[in-house]
Amino acid sequence: MRARHLVLLALAATAALAARPAVGTAQDTTKVTTPDTAGAPKRDTTAVPVPGARDTTRADSARGGVGLRKHPILALLQMTSVNIFVNRMDAWVLNVSDPPPVGHYANVTLQSWGVNIRHGWVWDTDAFQVNMFMHPFQGAAYFRSGRVNGLNFWESTPLPFLGSLEWEFFGEKTLPSLNDLYNTGFGGIALGEMTWRMAPLIRDNRARGLGRFVRELLAFPIDPTGAVRRVLNGEAWRSLPNPRGSYPGAFDWVFQGGMQNGVDSGATLHHRTTAEALVEMSYGDPFVTPYSQPFDVFQVRLRAGTGSGGNVKEFRVTGRLWAHELTDTAATFRSILTVMQKLEFESSPAFKYGGQSLNIGFVSGIALGGGWDLQTSLYGEGIMLGAVDAPRSGAAGTDRTYDFGPGLGFSVNASLRTGGFQVLTARWHGAYLHSVSGASADTYTQFPSIEAAVPLTGSFGIGGYAGFYHRRSSYVGQPGESASSPEYRVFLVLHTHRGALPGEPAR
Amino acid sequence: MKASHAMWSERSVPRALGAALVLAALATSPAAAQDQPRPGFWMDAAIGYGRIRLTCASCSSIVAATGPAYTVSVGGAPSQNVLLGVQGDLWQSSGAPRQQVQTLTALVQWYPWPTAGWFVRAGVGIVRGSVALTADTTGAHSTQGTGVALTIAAGYEIAFTRRFAVALQAATNIAALGDLAVGGALANDVIAYVSRIGVSLVWR
């Protein structure tokens, strides 16, 4: 009973922390005196949205990343509060449990803490979706604990790792899982920064009535801790200035809906047809948004569908960490040296592949005239931790049907566009993974694909896609094996584009 | 005699580290710590003492050994309280059987309070390890593996001049080496933990 009281106190502390005005939110910008870029004190009372803003440093400044007071202790406390909240939700509300002998894994004790510390790390046997897709979302909450308390991108990067360490050793009775540390940590950085930048674009502090309510509601899934904070401190309904410079200068959406035909990985290898929907969002444009800080340009791709193997078929977040323009910004041909972080998840009935990677390469663009342009990218990948399935992978008798391991890879993309509409896109992704958990295997994957669409109007069109996944695995002491899986899609597509197009002079 | 000499050698490193820690604490002043210029190039070199602990899914016992540890890091600073860089680590056991763990990691170092010397460091990279494991009843066997490594560290930096500092650091390398052949058996999911403390010289 006493322990429950202590936890209630902790929850109260969570609420109190959440109720603090976020450093650098719109509320703060009317109160805090901050130095401007020239160093002179400037009272910021004119915080309004700046459509077409290119200086995302100002956006970060307005939201707490630069020049405002940092609260690392509060960030750590809020990170811990997330763990306490999730642990108590699991124990008291959801009452979740694992099969014996673990049982109710959230009912941690001093004894379970001791066991976890003494034993150390293991590789867990959770399902692919749990490890490669869901854990990064928990990491994002840790990461935003730093951002909301004034820390910049790099200063916030330790938080998803620290939060994951705390959770793995003290938040659950199961032994600490090394793959969770990787996926929560690196995935949390990518998703955390992405959602941190997206939330102010969805919310509108000047909107009223139903429109305001819907915007706050839509922002909840991508920034739940921020949503709770806004409700508790009244920002969710008060009329306030919006953060400055939230708009990155270019913003694109692609929506696809259609049917996919793919081969099953089962023994019969028969084809299945499923309904599929795809959303791709591009925040910023490498040719429009000059590099100022990490994730000032990023892309999110989500594909969902019917059929077996879970509804989320593909999820990919790629965020620019650093860039250097190698050509003149006014030239017809431009090339940008780029370092990028990538979170990747692909799960179909035929194959599973996922991972966290750092990429270095070139993004290039050429204006072809008449509103046409060609964009290409070429990246080498350092895969910090990848996961791939194969018949001999994983751990027998568990949900683990895949191996974990580091590796190397490459990706090549080329896209021919007219007025921002992607007419022809070719992609090729290759990876090598050296397994450190599961089968003693080295796995090579290749995934070329091509996509073509015909614009029926300026933004609406019809298209088709063909992809071919190939995997080859070599094992220690056993013969190797390989598998191939083609997939095809037909779809209707809608493009929306806002901002300057590549090839146009930078503003 | 030989055994006692080996014991003295093993204990002397932690003693030297403790003495360095006390001397550094006496020599420093708060003002020096506040003058640290962090932007730009930096590098550090560290010497310390570490302990390896090996676990695996099919091992009959957890194996441990101790020995010296060496670290070199270089990089740049994107902001006043963040460093980015690469780090090379080498740990090797003092006694037989000879064990060695080498890691190369990309790292981030964060100073939560810009005017203070406290920092945390985290890195990810690759590891190569030659380790001794007991996976069956025939005793310990040496084996080698390559895998993925995480480095987590915390420390305190004491600035003596604007360009030179001494840092005291505690760190753990978590090195996943995968399945390793041990004698006639296979040790599954081998993980090596190299925990170390050390003193580093920092140049900026």
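Every read-out reported here was derived from the displayed coordinates using simple, explicitly stated rules and does not represent laboratory data. Just so you know, these numbers come straight off a predicted model, no measurement behind them. As a convention, Cβ positions derive from the backbone with ideal geometry for all residues, glycine included, and neighbour counts pool all protein chains shown.
Of the residues B:SER142, B:SER93, A:SER357, the one with the fewest other Cβ atoms within 10 Å heads the list, and the complete ranking is B:SER142, B:SER93, A:SER357.
Multiplying the residue separation of A:PHE468 and A:ASN233 by 0.36 nm and removing their Cα-Cα distance gives an extension gain of 79.5 nm. For the pair region A:122-189 / region A:82-111, the C-alpha centres are spaced 17 Å from each other.
Dimensions of region A:257-353 from C-alpha coordinates, computed as largest minus smallest value along each principal axis and given longest first, are 54, 23, 19 Å. Computed from the C-beta positions of A:ARG206 and A:ARG69, the FRET efficiency with R₀ = 30 Å rounds to 0.70. With the gyration tensor restricted to C-alpha atoms of region A:409-507, the semi-axes of the equivalent ellipsoid amount to 38, 17, 9 Å, longest first. With the gyration tensor restricted to C-alpha atoms of region A:113-249, the semi-axes of the equivalent ellipsoid amount to 33, 14, 13 Å, longest first.
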